[in-house]
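Asks: Quick one: structure below, then a few questions.
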Amino acid sequence: MNITKKDIDSLNAEISISVVPADYETQVNDALKKAQKQITMPGFRPGKVPTGLVKKQYGTQILVDELNKLLDATIYNYIKDNNIEILGNPLPKDRAAVDFENQKDFEFVYQVGLAPTFSIDLNDKQTFTYKTVKIDDELVEKYVKDVKRNFGKPLNPDVAGEKDVVFVDINELDETGNIKPGGIFKSTSISYERLKNEEAKAKILGVKKDDKLVINVNALYDNALDKSVSLGIDKELAETIDCDLQLIVKNIARLEDAELNQELFDKVYGEGKVTSEEEFRNKIREELGLMFNADADKFLRTEVENNLVEKSNIQLPDSFLKRWLMMANEKPITQEELEKDYPNYSKSMKWKLIENKIIKDNEIKVDVEEAKEEAKAFIKSEYARYGQAATEEDLEKISKDILSKEKEAQKIFENIYSKKVLDLIKEKCTLQTKEVSYEDFFKA
């Protein structure tokens, strides 16, 4: 077997593999024998079909299969042994021209996209904006109110107020004001705070159980999507419908805010861990800082990606990658869809190349123990979302399970590498901290 590499340009190459019978005959004969034992044909006992007949009927397909196995192993070993950095996977060229039935000697050509050569120099001359949230008393108070509401007590008041949810049966009315036969009927809920029409708000405010009221559908819902979802009607009908609705109040629900006392402190942070309102607010301030630090890192990462991708001016083998994406995509995509999505894909690949370059140049490593701790942190956060705390036994068991799955483990390791790359950038580059309000923080 003979393998050669021909560089087309700095980003594209062709790898040619010449194959003669001595390279594949043993594998093909072994595959024929295996097939002979499995194939059944009329007139022959199982496993006793003559070799010649098996070869005549299945020989070409077996040859193709064995050649593909041989070629795959050969080309990837060649790429690995010669330290060739490629993008995507090798693509066979002109395979249709091969006559598998009659040829004995073959030459297969593969097109490969080569990873570009570039350098990334991280230093204090590179400046990035590090946007943080100003955690003032007003923001802390906002979150205190959210906590009080989240741990509030459900009530069923007699009269609907501004913060209540009213449960109603809705019937569509005809032009005479009577219930329309076969018209809309739906049991649903209406939140006073979400109503935008003043007429509807005035009618809902102060209603009692079993009250009947009439509201126009377009006063109750201000867009077709809300009408479609809330009333269970087709979107097409929701676009044009204009009728009165009769609402019969079935129930009223209210969530009364929890009191700011020791009972609430214990529910939120555990018994006795917070013992005063001042400690409670300080704890919230601390948690907000941690929460927004994570968001600040996300914004910084985006700025770093955009900046380094633009300044590095990395070139990719675009034509090759587009062909590869068309072939590799699990779902068929059109050329138009590919052209539309390719700029985002290209930018993502450039950043991944930059990130890998930083990892390699700075010898960044991630060990199994770090991955285990990262998995545990993820598990803790998932438990916390449901107000629960994971035991150490749970953490050990679930983290081990996560890391035993290739894709899940890969995500864990990639997350840690990304964090370490960002930490390195924070260390080597200049960060200009910009403290902004909560409202401005999430603006583009």
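Asks: Please work out the C-alpha center-to-center distance from the stretch 379-444 to the stretch 280-325 and express it in whole Å.
Replies: Spelled out, the Cα-based centre of one part sits 13 Å from the other.
Asks: Under a Cβ-Cβ cut-off of 13 Å, what is the net charge of the residues other than LYS331 that fall near it, where Lys and Arg count +1 and Asp and Glu count -1?
Replies: -3
Asks: Normalized C-alpha radius of gyration of the chain, against 2.2 N^0.38 Å?
Replies: Compactness ratio reported: 1.49.
Asks: Can you put PHE378, PHE265 in order of accessible area, largest first, using a 1.4 Å probe?
Replies: PHE378, PHE265
Asks: With no solvent and one point per C-alpha, what does the Debye sum give as log10 I(q)/I(0) for the stretch 148-281 at q = 0.11, 0.12 Å⁻¹?
Replies: So the normalised log intensities are -0.51, -0.57.
Asks: Give me the Kirkwood hydrodynamic radius of the stretch 114-190 in Å, from all C-alpha pairs, to one decimal place?
Replies: That comes to 20.0 Å for the stretch 114-190.
Asks: If you count only protein heavy atoms and use a 1.4 Å probe, how large is the accessible surface of ASP137, to the nearest 10 Å²?
Replies: ASP137 exposes around 110 Å² with every protein chain in place.
Asks: Tell me whether the stretch 362-434 comes out rounded, prolate or oblate; compute the Cα gyration tensor, take square roots of the eigenvalues as a ≥ b ≥ c, and use a/c under 1.5 as the rounded threshold.
Replies: oblate
Asks: For the chain, give the magnitude of the charge dipole about the Cα centre (Cβ charges: +1 Lys/Arg, -1 Asp/Glu; no others), in debye to the nearest 20.
Replies: Using Cβ point charges on Lys, Arg, Asp and Glu, the chain gives about 1500 debye.
Asks: Continuing with this model, one more query. Which semi-axes, in whole Å and largest first, does the equivalent ellipsoid of the stretch 1-47 have when worked out from the alpha carbon gyration tensor as the square roots of 5 times its eigenvalues?
Replies: 41, 12, 6
Asks: Moving on to the next point. What does the stretch 213-371 give for Rg and for Dmax, in Å, if only its C-alpha atoms count?
Replies: That works out to 27.5, 71 Å for Rg and Dmax.
Asks: Enter the angle in degrees (range 0 to 90, nearest 10) between the Cα long axis of helix 406-428 and the first principal axis of the Cα atoms of the chain, meaning the one along which they spread out most.
Replies: Rounded to the nearest ten degrees, it is 80.
Asks: Another one. With unit charges on the beta carbon (Lys/Arg positive, Asp/Glu negative), name the residue among LEU205, VAL309, ALA73 whose Cα is farthest towards the positive pole of the charge dipole of the chain.
Replies: Highest projection toward the positive end goes to ALA73.
Asks: Between rounded, prolate and oblate, where does the stretch 285-360 land on the alpha carbon gyration tensor, with a ≥ b ≥ c its root eigenvalues, rounded for a/c under 1.5, else prolate if a/b exceeds b/c?
Replies: prolate
Asks: Still on this structure, please answer the following. For every other residue with a beta carbon closer than 15 angstrom to the beta carbon of PHE108, add +1 if it is Lys or Arg and -1 if Asp or Glu, then tell me the sum.
Replies: -3
Asks: Taking Cα pairs under 8 Å and at least six residues apart, what relative contact order does the stretch 84-168 come out at, in percent?
Replies: 25 percent.
Asks: Here is a further query. Could you give the distance between the Cα centres of the stretch 17-46 and the stretch 326-373, to the whole Å?
Replies: Taking the Cα centre of the stretch 326-373 as reference, the centre of the stretch 17-46 is 40 Å away.
Asks: Sorted by accessible area (1.4 Å probe), largest first, how do GLU369, GLU14, GLU310, GLU355 line up?
Replies: Of GLU369, GLU14, GLU310, GLU355, the descending order of accessible area is GLU310, GLU369, GLU14, GLU355.
Asks: Shifting gears a bit: Radius of gyration and Dmax for the stretch 173-240's Cα atoms, expressed in Å?
Replies: 12.4, 34
The values are calculated or read from the model by the stated rules, or taken from the named source; none is laboratory data. Owing to the predicted nature of the structure, the values given are computational and were not obtained by experimental measurement. Glycine also receives a Cβ, built like all others from the backbone with ideal geometry; neighbour counts cover every protein chain displayed. Quick note on the areas: whole protein, heavy atoms, side chains included, nothing else; ligands and nucleic acids left out. Shrake-Rupley method; radii C 1.70, N 1.55, O 1.52, S 1.80 Å.
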